[in-house]
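Participant: Next up is a structure, given as structure tokens.
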Amino acid sequence: QVQLVESGGGLVQAGDSLRLSCAASGRTFIGYVMGWFRQAPGKEREFVAAITYIGGSIYYADSAKGRFTISKNNAKNTVYLQMNSLKPEDTAVYYCAAGRFTPSATMSQRLYDYWGQGTQVTVSS
């Protein structure tokens, strides 16, 4: 009964900001990494950012560095993705995911056992 529920997506203009949330429940996430992935129209799903549940180690895709910030609130079992300076190429369905932490595979979707349903982010020019 593990649940990951994303929220916060929407339609914005280039240069605007959005804050995505992922509420996790159903188990302890000690030893896990919480990640964000996205899938744009006609594209493969790609890694965006991740944060380890306990230590707070952070990983970013090159496309996210300098613009996106991942954070968490363990008391709320919630992970956030603050997205600034949004570009049309950021348009995608954004997915929250959780998996057992392995540093060498943090950016691989194969690491993640649990996935949310996704939230749509659309950025117009």
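The values are calculated or read from the model by the stated rules, or taken from the named source; none is laboratory data. These numbers were taken from a predicted model, which means no experiment stands behind them. For neighbour counting, all protein chains shown are included, and Cβ atoms are generated from backbone atoms with ideal geometry for every residue, glycine included. In case anyone asks, the SASA skips ligands and DNA or RNA and just uses the protein heavy atoms, side chains included. Shrake-Rupley method; radii C 1.70, N 1.55, O 1.52, S 1.80 Å.
Participant: Please identify every one of the chymotrypsin sites (Phe, Trp or Tyr not before Pro) in the stretch 36-125 that sits in a loop by DSSP and has no more than 12 other beta carbons within 10 Å of its own beta carbon.
Facilitator: Values: sites: 36, 37, 47, 53, 59, 60, 68, 80, 94, 95, 101, 112, 114, 115; in loops: 53, 101.
Within the stretch 36-125, no chymotrypsin sites (Phe, Trp or Tyr not before Pro) qualify (loop, at most 12 other Cβ atoms within 10 Å).
Participant: If you keep only loop residues by DSSP, which GluC sites (Glu not before Pro) in the stretch 3-95 have at most 16 other Cβ atoms within 10 Å of their Cβ?
Facilitator: Values: sites: 6, 44, 46, 89; in loops: 44.
The qualifying sites are 44.
Participant: By what distance, in whole Å, do the Cα atoms of the stretch 6-107 stretch along each of the three principal axes, largest value first?
Facilitator: Taking max minus min along each principal axis of the Cα atoms, the stretch 6-107 gives 37, 27, 24 Å.
Participant: Would you work out the relative contact order for the stretch 13-65, in percent, from Cα pairs under 8 angstrom that are 6 or more residues apart? Provide the component values of the computation, followed by the final result.
Facilitator: Numbers: 54 pairs, mean separation 13.7, N = 53.
Computed value for the stretch 13-65: 26 percent relative contact order.
Participant: Then there is this: Rounded to the nearest 0.05, what FRET efficiency do residue 17 and residue 44 give with R0 = 22 Å and r taken as the Cβ-Cβ distance? Could you check? Walk me through the numbers before you get to the answer.
Facilitator: On the way: r = 26 Å, r/R0 = 1.17.
After rounding to 0.05, the efficiency reads 0.30.
Participant: So, one more: Of the accessible area of the chain, with the probe set at 1.4 angstrom, what percent is carbon plus sulfur?
Facilitator: Details: 2990 of 6300 Å².
Looking at the chain in its full context, I get 47 percent from C and S.
Participant: Now for a separate question. Please figure out what share of the DSSP beta bridges in the chain is antiparallel and state it in percent, rounded to the nearest 5. Could you put the intermediate results ahead of the total?
Facilitator: Details: 40 of 44 bridges.
The answer is about 90 percent antiparallel.
Participant: Residues of the stretch 73-123: accessible area per residue at 1.4 Å, in Å²?
Facilitator: Details: 2460 Å² over 51 residues.
Accessible surface, normalised per residue, equals 48 Å².
Participant: HN-Hα J couplings of the stretch 30-35 from phi, Karplus 6.51/-1.76/1.60, θ = phi - 60°, integer Hz, Gly and Pro as x?
Facilitator: 4, x, 9, 10, 10, x
Participant: Can you pull the accessible area of residue 102 for me, 1.4 Å probe, Å² to the nearest 10?
Facilitator: 50
Participant: Still on this structure, I have one more. Taking the simple approach of a point 7 Å from Cα along Cα-to-Cβ for both residue 73 and residue 7, what is their distance in nm?
Facilitator: Here the modelled spin labels are 1.1 nm apart.
Participant: Note down the nm distance, to one decimal, between modelled labels 7 Å out along Cα→Cβ at residue 61 and at residue 122.
Facilitator: Once both label points are built, they end up 2.0 nm from each other.
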